[in-house]
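First comes the structure, then the notes that go with it.
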Amino acid sequence: MDKWVVRSSIFLLFIAMSLAFRFSLNPEGKHFDSLLTCQNNNNNNISSSSYLKERIVELANDPHTVDWMKKIRRQIHENPELAFEEFETSKLIRQQLDQMGIAYRWPVARTGVVATLGSGSSPFVALRADMDALPIQEMVEWEHKSKVDGKMHACGHDAHAAMLLGAARILKQLQDTLQGTVVLIFQPAEEQGQGGKDMIAEGVLDNVDAIFGLHTVHRYPTGVVASRPGEFLAGCGSFKAKIIGKGGHAAIPHDSIDPILAASTAVISLQNIVSREIDPLDSQVVSVAMIHGGTAFNVIPDSATVEGTFRAFSKKSFNALRERIKEVIEGQAAVHRCTCEVNFTGTEHPIIPPTVNDARIYEHVRRVSIDIVGEGNVELAPVFMGSEDFAFYLDKVPGSFLFLGMRNEKVGSIYHPHSPYYTIDEDVFPIGASIYAVVAHSYLSNSTRKLNSYD
């Protein structure tokens, strides 16, 4: 009897331990079947995501798609149009969208085009490309040289538009797999610093959860991409100061109030802002580039004007620098008995805020870039003093901006933007189109999975 009791006790203890062990692996309210299903779903999601990335890269590198992107880019390049004059460029983009059966809204900000793909419901992710040219005479001798005197695509906007159309073509073929909506923004007037602002004013970011943009650069070799989280490109502003004195004969300066002297001391004092008032680790720039005053060598003029630019990487520094410029010019004018008018809101050169990448979207883009070009070809970029009106979008929604390297000595793509010799290595087109498409597709998939996990 005692042996039977002992054996029974041991058996019951074993059962209890087994149940306790199983319960520790299976929280209350869950079933093992559901855990296995969840694990299988995760594996399926990873497998599906990898397949779609590979499929997008395959479609981007299809010879017909590559040739088509080159053809589009070359058509745009031959017929460059300046800010808010991109009528034929816009028409060409709309024709391509019509042929693909992609819906769009036009005109937006006069010449812009905004297309949509996918479910028409949230989440929404936007992809942006600019499309305006520059008032530069092209000096590159090639088959598709600019046909318009004094105008040239010398900043890669023709390539950006072609690559975004390439992404549109790819995503259209995968439309049934889009778990949300992709917004394609073809923007005018980036070079004027006004296009992005005007597009936003007309609602292009309505419902948009995230945005991505890129720019071809000669700094990195073809196939290398670079970006950074947080502050990336500087904010850019311009100033124009009119210093008003009292004109008179240069032989009797005591009867005049000399605005030339006031302007000269203002220029010197402005240089002291960065060299003596700014932390050397907080990069900022103040440059005076234009001075106008007087019409004769022996006449003191009534007024003189001073114009220049200022740049900084944080909004706080940018705004503080702007205020200090105003104080210095007004102070020097007053010291020399002059008055002045300082203007920061010129229509030709509007203020552009710093380009600040959202850390989360930056990381998403970085991982996508690694999948496409390999980890060794994805670099952490330094901050740049250049500016981009993509910053206006980043002021409104989280997003990230990327540099797409295209330096290739063999094809001559070694010149900086705005050079009359600026050349594009068209081998970057499949890379750019792939990054555009995968960033959007995977963002929607990841966002949908997160939303479902909260249900």
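The values are calculated or read from the model by the stated rules, or taken from the named source; none is laboratory data. Quick caveat: nothing in here was measured; it's all calculated off a predicted structure. Note: ideal-geometry Cβ built from the backbone for every residue, glycine included; neighbour counts use all protein chains shown. What goes into the accessible areas is simple: the full protein's heavy atoms, side chains included, and nothing from ligands, DNA or RNA. Shrake-Rupley method; radii C 1.70, N 1.55, O 1.52, S 1.80 Å.
Give me the pairs: first residue in the range 405-416 and open to solvent by 70 Å² or more (accessible area, probe 1.4 Å), second residue among the basic types (Lys, Arg), beta-carbon distance under 9 Å, and six or more apart or on different chains, which are they?
Filtered contacts from the range 405-416: Arg407/Arg219; His416/Arg219.
Of the conditions (1) touching a Ser or Thr at 6+ places or on another chain (Cβ under 9 Å); (2) surrounded by fewer than 15 Cβ atoms within 10 Å (Cβ to Cβ); (3) modelled with pLDDT of 95 or more, Ser48 clears all except one; give me its number.
Of the numbered conditions (1) touching a Ser or Thr at 6+ places or on another chain (Cβ under 9 Å); (2) surrounded by fewer than 15 Cβ atoms within 10 Å (Cβ to Cβ); (3) modelled with pLDDT of 95 or more, the odd one out for Ser48 is (3).
If Pro80 satisfies every condition in (1) open to solvent by less than 50 Å² (accessible area, probe 1.4 Å); (2) over 20 Å from His153 (Cβ atoms) but one, which is the exception?
Answer for Pro80: the failing condition is (2).
So which pairs qualify, if the first residue must be in the range 275-294 and in the same structural domain as Arg322 (by the TED database), the second must be open to solvent by less than 50 Å² (accessible area, probe 1.4 Å) and of a type in the set (Asp, Glu), the Cβ gap must be under 7 Å, and the two must be at least 6 apart or on different chains?
Qualifying pairs under 7 Å: Ala289/Glu307; Met290/Glu307.
Could you list, in sequence order, the residues of the range 348-402 that are of a type in the set (S, T, N, Q) and modelled with pLDDT under 95? Before you say what the answer is, go through the steps one by one.
Just the residues of the range 348-402 that are of a type in the set (S, T, N, Q), to begin with: 355, 357, 369, 377, 387, 400.
Ser387, the sole residue that qualifies.
Restricting to the range 297-316, give me the number of residues that are closer than 30 Å to Ala234 by Cα and outside any strand (DSSP E or B). Lay out the reasoning, then the answer.
So the first thing to find is which residues in the range 297-316 are closer than 30 Å to Ala234 by Cα, and the list is 304-316.
In the following step, the residues that additionally are outside any strand (DSSP E or B) were identified as 313-316.
Within the range 297-316, residues that are closer than 30 Å to Ala234 by Cα and outside any strand (DSSP E or B) number 4.
Residue under question is Val378, and the condition is that it be under 21 Å from the mean Cα position of the chain (by Cα), open to solvent by less than 60 Å² (accessible area, probe 1.4 Å) and more than 26 Å from Cys236 (Cβ to Cβ); does it hold? Please lay out each step first, then the result.
Details: under 21 Å from the mean Cα position of the chain (by Cα): yes; open to solvent by less than 60 Å² (accessible area, probe 1.4 Å): yes; more than 26 Å from Cys236 (Cβ to Cβ): yes.
Against the criterion (under 21 Å from the mean Cα position of the chain (by Cα), open to solvent by less than 60 Å² (accessible area, probe 1.4 Å) and more than 26 Å from Cys236 (Cβ to Cβ)), Val378 qualifies.
Before we move on, is Asp389 among the charged types (D, E, K, R) and either open to solvent by 10 Å² or more (accessible area, probe 1.4 Å) or in a helix (DSSP H, G or I) (or both)? I'd like the intermediate steps shown before the answer.
Details: among the charged types (D, E, K, R): yes; either open to solvent by 10 Å² or more (accessible area, probe 1.4 Å) or in a helix (DSSP H, G or I) (or both): no.
No; evaluated as a whole, the condition is false for this residue.
Name the residues in the range 334-390 that are without any contact (Cβ under 8 Å) to a residue 24 or more places away in the chain and closer than 30 Å to Asp427 by Cβ, would you?
Selection gives Arg367, Ile370, Gly374, Glu375, Gly376.
Check Phe318, Phe310, Phe232, Phe297 and return the single one that is among the aromatic types (Phe, Trp, Tyr), at negative phi and in contact with a helix residue (DSSP H, G or I) (Cβ under 7 Å, 6 or more places away or on another chain). Please lay out each step first, then the result.
Values: Phe318 fails: in contact with a helix residue (DSSP H, G or I) (Cβ under 7 Å, 6 or more places away or on another chain); Phe232 fails: in contact with a helix residue (DSSP H, G or I) (Cβ under 7 Å, 6 or more places away or on another chain); Phe297 fails: in contact with a helix residue (DSSP H, G or I) (Cβ under 7 Å, 6 or more places away or on another chain).
Sole residue among the options that is among the aromatic types (Phe, Trp, Tyr), at negative phi and in contact with a helix residue (DSSP H, G or I) (Cβ under 7 Å, 6 or more places away or on another chain): Phe310.
Scan the range 162-177 and tell me whether some residue there is in contact with a Phe, Trp or Tyr (Cβ under 7 Å, 6 or more places away or on another chain) and open to solvent by 10 Å² or more (accessible area, probe 1.4 Å). Full working, then the answer.
Filtering the range 162-177 for residues in contact with a Phe, Trp or Tyr (Cβ under 7 Å, 6 or more places away or on another chain) gives 162-164, 166-167.
Now drop any that are not open to solvent by 10 Å² or more (accessible area, probe 1.4 Å), which leaves none.
No, the conditions are met nowhere in the range 162-177.
Here is a check on your reading of the model: is Met199 in contact (Cβ under 8 Å) with a residue 40 or more places away in the chain and assigned to a loop (DSSP other than H, G, I, E, B)?
Values: in contact (Cβ under 8 Å) with a residue 40 or more places away in the chain: yes; assigned to a loop (DSSP other than H, G, I, E, B): no.
Criteria not met by Met199.
Can you tell me which residue is most open to solvent (accessible area, probe 1.4 Å) among those in the range 338-375 that are in contact with a helix residue (DSSP H, G or I) (Cβ under 9 Å, 6 or more places away or on another chain) and within 30 Å of Ile244 (Cβ to Cβ)?
Ranking the candidates gives Thr339 first.
Regarding Arg128, is this residue open to solvent by 10 Å² or more (accessible area, probe 1.4 Å) and either closer than 22 Å to Ala167 by Cα or in the same structural domain as Gly195 (by the TED database) (or both)?
Working: open to solvent by 10 Å² or more (accessible area, probe 1.4 Å): no; either closer than 22 Å to Ala167 by Cα or in the same structural domain as Gly195 (by the TED database) (or both): yes.
No; evaluated as a whole, the condition is false for this residue.
Sort out which residues of the range 85-105 are in contact with a Leu (Cβ under 9 Å, 6 or more places away or on another chain), surrounded by fewer than 21 Cβ atoms within 10 Å (Cβ to Cβ) and under 20 Å from Asp198 (Cα atoms), and write them in order of number.
Listed by number, the list holds a single entry, Tyr104.
Specify the residue that is least open to solvent (accessible area, probe 1.4 Å); the eligible residues are those in the range 208-259 that are assigned to a loop (DSSP other than H, G, I, E, B) and within 30 Å of Cys338 (Cα to Cα). First the steps, then the outcome.
Filtering the range 208-259 for residues assigned to a loop (DSSP other than H, G, I, E, B) gives 208-209, 222-224, 228-229, 234, 245, 247, 250-252, 256, 258.
Remaining after also requiring within 30 Å of Cys338 (Cα to Cα): 245, 247, 250-252, 256, 258.
Working: Gly245: 24, Gly247: 26, Ala250: 46, Ala251: 76, Ile252: 75, Ser256: 4, Asp258: 52 Å².
Filtering the range 208-259 for residues that are assigned to a loop (DSSP other than H, G, I, E, B) and within 30 Å of Cys338 (Cα to Cα), the one least open to solvent (accessible area, probe 1.4 Å) comes out as Ser256.
From the list Ala241, Ala263, Ala226, Ala251, which residue is out of contact with any Ser or Thr (no Cβ under 7 Å at 6 or more places or on another chain), at pLDDT 95 or above and within 19 Å of Ala334 (Cα to Cα)?
Details: Ala241 fails: out of contact with any Ser or Thr (no Cβ under 7 Å at 6 or more places or on another chain); Ala226 fails: within 19 Å of Ala334 (Cα to Cα); Ala251 fails: within 19 Å of Ala334 (Cα to Cα).
That would be Ala263, the only listed residue that is out of contact with any Ser or Thr (no Cβ under 7 Å at 6 or more places or on another chain), at pLDDT 95 or above and within 19 Å of Ala334 (Cα to Cα).
Looking at the range 291-299, is at least one residue β-branched (Val, Ile, Thr) and open to solvent by less than 60 Å² (accessible area, probe 1.4 Å)?
Taking the range 291-299 as the starting set, the residues that turn out to be β-branched (Val, Ile, Thr) are 291, 295, 299.
Now narrow it down to the ones that are open to solvent by less than 60 Å² (accessible area, probe 1.4 Å): none.
No, every residue in the range 291-299 fails to be β-branched (Val, Ile, Thr) and open to solvent by less than 60 Å² (accessible area, probe 1.4 Å).
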